[in-house]
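To start, the structure under review is shown below, and the notes come after it.
What follows is calculated from the coordinates using simple rules that are stated; it is not laboratory data. All of these numbers come straight from a predicted model, not from anything done at the bench. No Cβ is skipped: glycine too gets one built from the backbone with ideal geometry, and neighbour counts run over all protein chains shown.
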Amino acid sequence: MAAVLAVDGERTSGQDIRTQNVTACSAVANIVKSSLGPTGLDKMLVDQIGDVTISNDGATILRKLDVQHPAAKVLVELSQHQDDEVGDGTTSVVILAAELLRRGNELVKRKIHPTSVISGYRVAVREACNYIRDQLAVPIDTLGKDALMNVARTSMSSKILAAESDFFADFVVRGALRVKTTNVNGGVSVPIKQINVLRAIGKGARDSIFVEGYALNCTVASTAMPRGMQKAKIAFLDFNVGKAKLPLGVSIELKDPKELAAVHAREAELLKERITKIVASGANVVLTTKGMDDLAVKYFVEHGVIGIRRCKKDDLRRIAKACGGKLILTMADLEGAESFDASNLGEAESVSQEPVGDNELTVIRGCKVSSAASMILRGPNTYVLDEMDRSVHDSLCAVKRVLESGSIVPGGGAVEVGLSMYLENFARTLGSREQLAIAEFSSALLVIPKTLAVNAALDATDLTAKLCTLHRAAQESAEKKSYQHYGLDLFEGKPRDNVAAGVLEPAMGKIKCIQFATEAAMSILRIDDLIKLTPKADPKGPHDHEDDYE
């Protein structure tokens, strides 16, 4: 019911606002629903200036949409949060949140208080996460080295790289294992930002290259410089390597033209002194985020040093970390003089300039502290390359989560159906009002296998019923426990053992997906009032005319 407030605005409360929120969230979920799974379809998004994005990644699609409704914005932020935390499962989390919200709203219509629904959902999500950890999760150690390849393939199966998943899964696993580190407590960390993904237009996807080193999309500043350097000592600079310029607003008045020549000569001497100090520290490769003028290039050529300019600051930070160096903002010290300490240098086995397609890249191999890896993706145009980049990133995130958590779960809707059967039985053991909410939660989980089946042009009801029968048998009989790994085979249109078939997903990804979706649904379900203030007109500026405002 909409009511006019004493303030300048409008208030909507009660069931009306809940219905509006559910409608808005369902509309957002319906946009990405058809893109779920290996047989999902792509979306083409065109912005105001005509830039085209073709993708079936949930987070990318929702980020490009101009969503106005406040409740729908929660789902957009939810998919982004899932992308940041897990990297994969962004479509599933939105579909599940919308379904939980819709079923929760139906319970509220049946005179069950939202607090009871939220309490039931909270109990259900806790039980669901415990069941995944205790029953459904499979330790990665028991499956062998192919398990990581299967996780990478599963992540790519719904993306543009599905046809080449074997080829790129090898890239992803090699890259993740190369940058993997183990701390003193035995904890595993996989900093995937140490894997640089570059794109080059031309050739096909199978012509992409994996480089055991950090590749920079920059080249040497002069052809007179060496094209490669063994046992490189690298200086990382975040300032302009050129003649000193006076700050803005500072000027020098000269009366004699000879004095001007002396000023220019001193500028050149200052630059030469600065470069001499860098070279004297042992540096034979200089990378800078800023420019490098002709005089600086001349001095570097004379010393036989490789100079590379206009590098990205993020790239330099990562290379400096991997090589044990520091990114230097200025050469000034506490005494006001300039110096360059050799401890700021990073070390690598080699730095070389190599041709890729029509361009050239600089590759740094054998970093001193930690390993780095790079992938150079090839494709016919920027749209394909962008989607390839997103696919590789999602796959890297999935492998990272598996390596860090050490456990996987079967894909193809196996987890959701297993949880649904477990929670349905669990709900019957309760005598409180939360029983209804947990039962609805269990039914809502089936939206994932049903959507997968619908997108594959299969009979969703029939397949889901078969899966439910198998999972119920697995939970009731110890002899049939292997049935808990059964999920959908969307190409044959029947259930199968997805652990044996290699359709695997990180257990952490599933747990986070269910937790985030439930939290989002509960936060929207809690809303029973919307107060929308009327936007005020901008006050008149000094050049506005009276007739601009009626």
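Some values worked out for this structure:
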item	result
Check: segment 214-369 dipole with +1 on Lys, Arg Cβ and -1 on Asp, Glu Cβ, in debye	360
Residues F168, F210 arranged by fewest to most Cβ contacts within 10 Å	F210, F168
Matching label, mean projected area of the Cα convex hull in nm² computed from the structure shown, candidates [x] 25.1; [y] 36.9; [z] 26.4	[y]
Size of charge dipole - the chain - debye, nearest 20, with Cβ of Lys, Arg +1 and Asp, Glu -1, no other charges	1300
Sites matching GluC sites (Glu not before Pro) across segment 308-370 that sit in DSSP coil, with at most 16 neighbouring C-beta atoms within 10 Å	E335
Inter-part distance where segment 128-182 and segment 199-265 are each reduced to a Cα centre, Å	40
Relative contact order (percent, whole number), the chain, Cα cutoff 8 Å, 6+ residue spacing	25
Cut-off under 5 Å, modelled amide H: who pairs with D489 long-range	K494, R496
Cα centroid separation, segment 481-503 to segment 399-445 (Å)	17
Karplus-derived HN-Hα couplings along segment 351-357 (A = 6.51, B = -1.76, C = 1.60, θ = phi - 60°), whole Hz, x at Gly and Pro	10, 9, 9, 10, x, 9, x
Residues L101, L177, L329, L62, sorted so that the one with the fewest Cβ neighbours within 10 Å comes first	L329, L177, L62, L101
Taking Y422, Y486, Y383 and counting other C-beta atoms within 10 Å, the order from fewest to most	Y383, Y422, Y486
Rounded Å value of the spacing that divides the Cα centres of segment 28-77 and segment 282-322	41
Charged-residue dipole, Cβ positions (Lys, Arg, Asp, Glu), segment 366-521 about Cα centre, Debye nearest 20	320
Estimated translational D of segment 214-369 in µm²/s (Stokes, Kirkwood radius over Cα pairs; 37 °C; 0.692 mPa s)	200
Cα lying deepest toward the dipole's positive end in the chain, options A205, T429, V250, charges on Cβ	T429
The chain - mean residue ellipticity at 222 nm from DSSP helices (-39,500 (n - 2.57) per run, n ≥ 4, rounded to 500)	-15000 deg cm²/dmol
Links that overshoot a 18 Å alpha carbon limit, given the list K277/K326; K109/K512; K326/K368; K466/K494	K109/K512
Charge-dipole axis of the chain as Lys and Arg at +1 and Asp and Glu at -1 on Cβ define it, positive-most pick from L316, N185, M388	N185
Three-way shape label, segment 1-117, alpha-carbon gyration tensor, a/c 1.5	oblate
Gyration tensor verdict on segment 406-458 (Cα atoms; rounded if a/c is under 1.5, prolate if a/b is larger than b/c, oblate otherwise)	oblate
Helix runs (DSSP H) in the chain reaching 30 Å along axis by Cα, Kyte-Doolittle at least -0.5	257-280, 382-405
Segment 214-369, relative contact order in percent, only Cα pairs under 8 angstrom and at least six apart counted	38
Sorted peptide list for 270-277, 149-156, 8-15, criterion being average Cβ within 10 angstrom, highest first	149-156, 270-277, 8-15
